[in-house]
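As structure tokens, the structure follows; a few thoughts come after it.
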Amino acid sequence: MPYALAASLCLPVTQPGAHPHIFVDVALRFTADGEGRLAEVEVTWSYDDFFSLLILSDMGLDPDGDGVLSAAELATLKGFDLVEWPEGFEGDLFMYQGETKIALDHPVPTGATLRDGRIIATHTRSFGPLSGETLRVEAYDPTYYAAYSLAGPIILPVGCAHTITKPDLDESQEKFRQMLSTMTAEEEFAGVDVGNLYSDSLTVACTAPS
């Protein structure tokens, strides 16, 4: 989530447990190419209401606070979270086939709306067509400034099925504390990537195209 990265990268990690500041529900819709191979994913990020309020205020949207955005305001909001894309940023979405990390193309914004006080933004990312091995997908902010949850829905082509594995949060916090115990003060101030400790894991298995 590039819009919030500038703030997150400046925060030292000194607390006894990791505590995110932004909460995002994630939905994924995978589509296949003409040969039935997974080739694109539409990502929906539903931001928590407090962060949504901050964004609307910062962008000067919904000044009357009625929770309804005009067509012009929606056009302004579309892609707001994709404008800043720092070098090395991977879009808080990670995909693996076996031990191979899958490269995802730059996101293309597809829409934005405001529902029940929450900004819901969508974008698509394409990748080299995949078939065969099981696909593992994780949505997380490495800095854990933002907490992502695979709340769904998860939509897959015919012939594919999925399972979601939730992290053991007590175990994650213990690993985080152990990590901090081995770090210098300088390393703590620079920050540490811990988001993967708290991430949901999505496993997708598809029947090989005939």
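The values are calculated or read from the model by the stated rules, or taken from the named source; none is laboratory data. Bear in mind the structure is a predicted one, so any value in this text is a computation, not a measurement. Backbone-built Cβ (ideal geometry, glycine too); neighbour counts: all protein chains shown. Areas reflect the complete protein model, heavy atoms only, side chains present, ligands, DNA and RNA absent. Shrake-Rupley method; radii C 1.70, N 1.55, O 1.52, S 1.80 Å.
Go through region 1-29 and report how many residues are open to solvent by less than 40 Å² (accessible area, probe 1.4 Å) and either at pLDDT 95 or above or among the β-branched types (Val, Ile, Thr) (or both).
Number of matching residues: 6.
Could you identify the single residue in 89, 94 that is assigned to a loop (DSSP other than H, G, I, E, B), touching a residue at least 24 places away in the same chain (Cβ under 8 Å) and of a type in the set (A, V, I, L, M, F, W, C)?
Answer to the selection: 89.
How many residues are open to solvent by 60 Å² or more (accessible area, probe 1.4 Å) and either among the polar types (S, T, N, Q) or under 16 Å from residue 200 (Cβ atoms) (or both) when one looks only at region 130-139?
3
Scan region 163-210 for residues that are modelled with pLDDT of 75 or more, small (Gly, Ala, Ser) and more than 16 Å from the chain's Cα centre (by Cα) and jot them down.
205 - this is the single residue of region 163-210 that is modelled with pLDDT of 75 or more, small (Gly, Ala, Ser) and more than 16 Å from the chain's Cα centre (by Cα).
Quick check on region 68-86: of everything there that is free of Cβ contacts under 8 Å to residues at least 60 places away in the same chain and surrounded by fewer than 13 Cβ atoms within 10 Å (Cβ to Cβ), which residue is farthest from residue 106 (Cα to Cα)?
Initially, region 68-86 is screened for residues free of Cβ contacts under 8 Å to residues at least 60 places away in the same chain, giving 68-79.
Right, trim to surrounded by fewer than 13 Cβ atoms within 10 Å (Cβ to Cβ) and you get 68, 70-72, 75.
Values: 68: 30, 70: 28, 71: 25, 72: 25, 75: 20 Å.
Applying the filter and picking the extreme gives 68.
Looking at this structure, is residue 105 out of contact with any Leu (no Cβ under 6 Å at 6 or more places or on another chain), closer than 30 Å to residue 176 by Cβ and of a type in the set (Asp, Glu)?
So residue 105 does not fit the description; no.
Applying the selection to region 102-116, what residues are surrounded by 12 or more Cβ atoms within 10 Å (Cβ to Cβ) and outside any loop (DSSP other than H, G, I, E, B)? So that I can check it myself, show each step before the final result.
Pass one, region 102-116, residues surrounded by 12 or more Cβ atoms within 10 Å (Cβ to Cβ): 102, 104-105, 107-114.
Once the filter is applied, which keeps residues that are surrounded by 12 or more Cβ atoms within 10 Å (Cβ to Cβ) and outside any loop (DSSP other than H, G, I, E, B), region 102-116 yields 104, 108, 109, 110, 111, 112, 113, 114.
Out of region 140-154, which residues are of a type outside the set (Ser, Thr, Tyr) and either open to solvent by less than 80 Å² (accessible area, probe 1.4 Å) or without any contact (Cβ under 8 Å) to a residue 12 or more places away in the chain (or both)? It would help to see each step written out before you state the result.
Filtering region 140-154 down to residues of a type outside the set (Ser, Thr, Tyr) leaves 141-142, 146-147, 150-154.
Hits for region 140-154 are 141, 142, 146, 147, 150, 151, 152, 154.
Within region 30-67, track down each residue that is of a type outside the set (Val, Ile, Thr), crowded, with 17+ Cβ neighbours inside 10 Å and assigned to a helix (DSSP H, G or I).
Matches in region 30-67: 51, 52, 56.
May I ask you to list the residues in region 140-177 that are farther than 20 Å from residue 207 by Cα and part of a strand (DSSP E or B)?
Listed by number, the residues that qualify are 146, 147, 148, 149, 165.
Among the numbered conditions (1) within 22 Å of residue 31 (Cα to Cα); (2) touching a residue at least 24 places away in the same chain (Cβ under 8 Å), tell me where residue 173 comes up short.
Of the numbered conditions (1) within 22 Å of residue 31 (Cα to Cα); (2) touching a residue at least 24 places away in the same chain (Cβ under 8 Å), the odd one out for residue 173 is (1).
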